[in-house]
1. Could I have the simple spin-label model distance between Asn117 and Thr102, label points 7 Å from Cα toward Cβ, reported in nm to one decimal?
2. Please turn the phi angles of the range 190-198 into ³J(HN,Hα) values with the Karplus equation 6.51 cos²θ - 1.76 cosθ + 1.60 (θ = phi - 60°), one per residue in order, whole Hz, x for glycine and proline.
3. Rounded, prolate or oblate: which fits the range 184-225, taking a ≥ b ≥ c as square roots of the Cα gyration tensor eigenvalues, rounded meaning a/c under 1.5, else prolate when a/b beats b/c?
4. If each of Lys42 and Met176 carries a label point 7 Å out from its Cα toward its Cβ, how far apart are those two points in nm?
5. From the Cα gyration tensor of the range 63-140, with a ≥ b ≥ c the square roots of its eigenvalues, which class applies: rounded if a/c is under 1.5, or else prolate if a/b is larger than b/c, or else oblate?
6. Between Ala166, Ala186, Ala220, which gets the highest mean-square fluctuation from a Gaussian network model of the chain, Cα cutoff 10 Å?
7. Calculate log10 I(q)/I(0) of the range 155-271 for q = 0.15, 0.20 Å⁻¹, where I(q) comes from the Debye formula with a single equal point scatterer on each Cα and nothing for solvent.
8. Quick one: which residues, 5 or more positions from Leu217 or on another chain, have an amide H under 5 Å from its amide H? H modelled 1.01 Å from N in the peptide plane, none for Pro or chain starts.
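What follows is calculated from the coordinates using simple rules that are stated; it is not laboratory data. Just so it is clear, the structure is predicted and the values come from calculations on it, not from any experiment. Cβ coordinates were reconstructed from backbone atoms using ideal geometry, including for glycine residues, and neighbour counts include every protein chain displayed.
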Amino acid sequence: MAWFKKARKPIAAPDKTSRVPEGLWVKCPECDAIIYTKDLVKNLGVCAKCSHHFRLTALERLKSLFDDEEFVEMDRNLRSNDPINFTDTKPYSKRLAASQATTGLADAIITGVGRINGIETVVAAMEYAFIGGSLGVVMGEKIVRGIEVALARQLPVVIVSCSGGARMMEGALSLMQMAKISAALARLDRARLPYVSVLTDPTTGGVTASFAMLGDLNIAEPKALIGFAGPRVIEQTIRQKLPEGFQRSEFLIEHGMLDLVVDRRELKATIARALTFMGAHATAVAATGVAPQAAERPGDA
Ligand SMILES: [Zn+2]
């Protein structure tokens, strides 16, 4: 006979969410519908049958928001130089190189200037496939530079979060980005320029604990996981099953943590309406053009 008995059942594995997969046909993980991939792309990665939101890449996200899918990217080549020489199961430098190879990006974020229904806007979008969209020194610097461009040119800012939180491979330097970005957003606020935060699945950890929750308007996509510690960590700590829908957008808006939950197909129009309400104006393309000042700076590490 065993000395100890397990009183509780082990915690069920977390459900997996999928990005838009490659191939001709895709099965929706929510309703099991078989979807033609081209239809899914046309529908901005939303299942036409059950409205399941597939995860978008940073590039797809920016294209979905900007007029004619056009924008000028900023600080494209900023990359991390492994500041604390970190190794876990493999060296951080190898992890970085692998993510750079698979995503084609230098880090987990793309920032750009373009137009949202005619309103010139600085938009940052995170890439979850790059080390979980984690917030490190490069993401911090790129967002702050984006905000500085917005300040210089009197533009609104939109940040689309999709992140597991701070990047542990850069230690405390990652955590410092939370304060750095928050301080830049405070300057934006003092300049009376709007900031809209879009929270997508998942938005957790240090990202939620700083700029993702600081928007003049905090908009989430349906059923997005949003929280500080993830549900698995909380369940393992308190050893209890969490209530249905805990940390999902719909639960959070009921508890006053969000302003809006918006279907992705309505997101662009909603952001444009909000920016107009907050004083941003659509400008003629010919008048200003799209020419960000934050081109590559010498000494980008
Ligand atoms: Zn579906």
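1. According to this spin-label approximation, the distance is 3.7 nm.
2. With coefficients 6.51, -1.76 and 1.60, one gets 5, 7, 6, 9, x, 10, 10, 9, 10 Hz.
3. Working: a/c = 4.59, a/b = 1.86, b/c = 2.47.
Since a/c reaches 1.5 but b/c is at least a/b, the shape of the range 184-225 is classed as oblate.
4. A separation of 5.0 nm, rounded to one decimal place.
5. Working: a/c = 3.11, a/b = 2.53, b/c = 1.23.
Prolate is the answer for the range 63-140, as a/c is 1.5 or above and a/b outweighs b/c.
6. In this elastic network of the chain, the residue with the biggest mean-square fluctuation among Ala166, Ala186, Ala220 is Ala186.
7. -0.69, -1.11
8. Close amide H contacts, sequence-distant or interchain: Tyr195, Ser197.
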